[in-house]
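The values are calculated or read from the model by the stated rules, or taken from the named source; none is laboratory data. All values reported here derive from a predicted model rather than from experimental measurement. When we count neighbours, we look across all protein chains shown, and the Cβ atoms used for this are built from the backbone with ideal geometry, even at glycine. With ligands, DNA and RNA removed, areas are computed over all heavy atoms of the protein, side chains included. Shrake-Rupley method; radii C 1.70, N 1.55, O 1.52, S 1.80 Å.
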Amino acid sequence: MKLLLKSATILDKHSAYNNKKLDILIENGIIKKIGEDIKSKVDKVITEKNLHVSRGWFDSSVSFGEPGFEERETISNGLDTAAKSGFTSIALNPNTYPIIDNNGAITSVKSKAAHHPVKMFPTGALTIKSEGVDLAELFDMKQGGAIAFGDYKRAVRNPNLLKIALQYAQNFNALVQSFPQEDRIAGKGMVNEEQNSTSLGLKGIPNLAEELQITRDLYLLEYTGGKLHIPTISTKKSVDLIKEAKKKGLDVSCSVAIHNLIFTDELLQDFDTNAKVLPPLRTKKDIKALIKGLKDGTIDMVTSDHTPIDTEHKKVEFDNALYGTIGLESAFGALNMIFSTEEVVEMLSRGKQRFGLEDIEIKEGNPADLSLFIPNEKYEFTEADISSTSKNSIFKGHQLKGKALGIVTKAGDFGL
């Protein structure tokens with residue numbers, strides 16, 4: 001199949017074509033020619049006003065539902081949603097039923113995504129059933145295609161277990177994830193412990209719960225060596241701790257959820273359960289530090305932390321609602337409200353290397369791995385913008401800027 005992208009502004013700071021408006025000819029998934037006014041007989045022509053193209057975007061923390069929670073999201077529709085949202089690759093969290101904690105489970109979910117234009121890379125559970133007692137079959141899952149190991153939104157309570165995991169994983173160069181929350185400090189908290197939690201009568205999770213866990217994990221990493229990834233940090237002190245660890249030469253990375261860059265705990269005034277997320281929404285001071293940490297490289301990547309939750313578990317009293325918001329569809333538009341478009345596309349692709357994935361330059365002869373988007377359109381995000389089966393978006397009713405159009409990869413195009 002031959003595809004022609006007409007008058008596309010290329011945003012790829014490592015490419016010779018960066019910031020140039022050119023045509024891109026793609027044949028059987030390979031970029032055949034980049035130039036002005038390309039003439040060729042093709043199967044499809046993409047012409048959009050103010051069309052932009054960048055390296056394919058990657059999301060390091062995406063949950064679907066299949067197997068076990070198909071009413072929330074299937075792999076098929078989840079990948080379609082990712083493609084429409086501009087993502088060419090995603091890391092799938094293991095929070096399914098059963099938990100993805102063995103080679104067979106890795107193989108099973110991979111097979112369901114085998115021919116989709118979006119590449120889906122499973123994250124295996126760190127412990128059996130994510131119960132935090134015994135290590136799962138890490139090496140076998142790595143052989144099956146797992147790109148990292150972690151218990152989604154579940155802290156490793158036993159420090160010796162994390163120590164052993166970091167030591168063992170070095171034998172096959174695996175990345176270990178540790179969710180940053182000390183549960184014994186967090187207790188039964190649900191939101192940020194601050195003035196708002198008190199006024200709303202909701203139990204709070206103090207910053208200390210996150211920062212104490214990160215401090216412990218960094219000490220363990222310094223002792224064991226290995227590779228550690230801390231997903232979705234949310235406080236100023238967490239940024240400072242990781243910055244210092246990197247100065248020491250520790251092999252640590254971290255991410256931040258996009259909604260934690262946008263919203264403070266003031267959003268909870270209406271008890272909207274879509275704003276019940278983990279880690280919780282924090283304060284303006286924390287957001288300022290997170291944004292600065294992204295810009296200076298302390299925070300390695302952003303994630304939508306896409307978590308579909310069905311209506312039955314969201315439209316209930318705040319105390320009983322499950323944590324999580326969907327975020328794939330709103331990711332680009334939300335980031336584009338607070339960063340330049342050039343910064344946004346770089347942030348959405350720079351996590352690939354940490355997870356051992358190929359980051360393909362926009363260049364003649366290379367396989368296509370492209371995200372297509374329009375950067376300047378402002379609009380109110382509504383349910384009509386949601387492709388996910390579950391509609392639990394924290395961004396509903398909020399202004400966004402820029403829309404993804406779809407993707408082009410070696411496996412095909414989608415959303416165009």
In the stretch 340-380, the residues that are surrounded by fewer than 18 Cβ atoms within 10 Å (Cβ to Cβ), under 22 Å from Val62 (Cβ atoms) and either free of Cβ contacts under 8 Å to residues at least 40 places away in the same chain or in contact with a Phe, Trp or Tyr (Cβ under 6 Å, 6 or more places away or on another chain) (or both):
Gln353, Glu358
Flagged in the stretch 189-211 as within 26 Å of the chain's Cα centre (by Cα) and open to solvent by 80 Å² or more (accessible area, probe 1.4 Å), in numbering order, are Glu193, Leu208
Find the helices (runs of 4 or more DSSP H) located wholly in the stretch 111-190 whose residues include 1 or more that are without any contact (Cβ under 8 Å) to a residue 24 or more places away in the chain, and list them.
159-169, 183-186
Tell me whether the stretch 198-208 contains one or more residues that are touching a residue at least 24 places away in the same chain (Cβ under 8 Å) and out of contact with any helix residue (DSSP H, G or I) (no Cβ under 8 Å at 6 or more places or on another chain).
no
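Pick from Val53, Val109, Val62: which is within 21 Å of the chain's Cα centre (by Cα), open to solvent by less than 10 Å² (accessible area, probe 1.4 Å) and under 15 Å from Phe373 (Cβ atoms)? Even if it seems obvious, please write down each step before you answer.
Working: Val109 fails: under 15 Å from Phe373 (Cβ atoms); Val62 fails: under 15 Å from Phe373 (Cβ atoms).
After ruling out the rest, the residue left standing is Val53.
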Some residue of the stretch 76-89 being modelled with pLDDT under 95, closer than 25 Å to Ile258 by Cα and open to solvent by 40 Å² or more (accessible area, probe 1.4 Å)
no
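Within the stretch 221-238, count every residue that is part of a helix (DSSP H, G or I) and buried (at least 23 other Cβ atoms within 10 Å of the Cβ).
Looking only at the stretch 221-238, we keep the residues that are part of a helix (DSSP H, G or I), and these are 221-224, 236-238.
Remaining after also requiring buried (at least 23 other Cβ atoms within 10 Å of the Cβ): 221, 238.
Matching residues across the stretch 221-238 total 2.
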Are there helices (runs of 4 or more DSSP H) fully within the stretch 245-343 with at least 2 residues that are touching a helix residue (DSSP H, G or I) at 6+ places or on another chain (Cβ under 8 Å), modelled with pLDDT of 95 or more and of a type in the set (Gly, Ala, Ser)? List them.
284-296
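Which residue out of Glu70, Glu27 is more than 29 Å from Asp300 (Cα to Cα), surrounded by fewer than 22 Cβ atoms within 10 Å (Cβ to Cβ), at pLDDT 95 or above and within 21 Å of the chain's Cα centre (by Cα)?
Criteria check complete, one pass: Glu70.
Only one residue in Ser387, Ser371, Ser349 is assigned to a loop (DSSP other than H, G, I, E, B), among the polar types (S, T, N, Q) and touching a strand residue (DSSP E or B) at 6+ places or on another chain (Cβ under 9 Å). Which one?
Working: Ser387 fails: touching a strand residue (DSSP E or B) at 6+ places or on another chain (Cβ under 9 Å); Ser371 fails: assigned to a loop (DSSP other than H, G, I, E, B).
Exactly one of Ser387, Ser371, Ser349 is assigned to a loop (DSSP other than H, G, I, E, B), among the polar types (S, T, N, Q) and touching a strand residue (DSSP E or B) at 6+ places or on another chain (Cβ under 9 Å), namely Ser349.
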Select from the stretch 30-47 the residues that are within 30 Å of the chain's Cα centre (by Cα) and either among the charged types (D, E, K, R) or open to solvent by less than 10 Å² (accessible area, probe 1.4 Å) (or both) and list them in ascending order.
Ile31
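Could you grab me the full set of residues in the stretch 142-151 that are of a type outside the set (A, V, I, L, M) and crowded, with 22+ Cβ neighbours inside 10 Å?
Initial filter on the stretch 142-151 (of a type outside the set (A, V, I, L, M)): 142-145, 149-151.
Across the stretch 142-151, the qualifying residues are Phe149, Gly150, Asp151.
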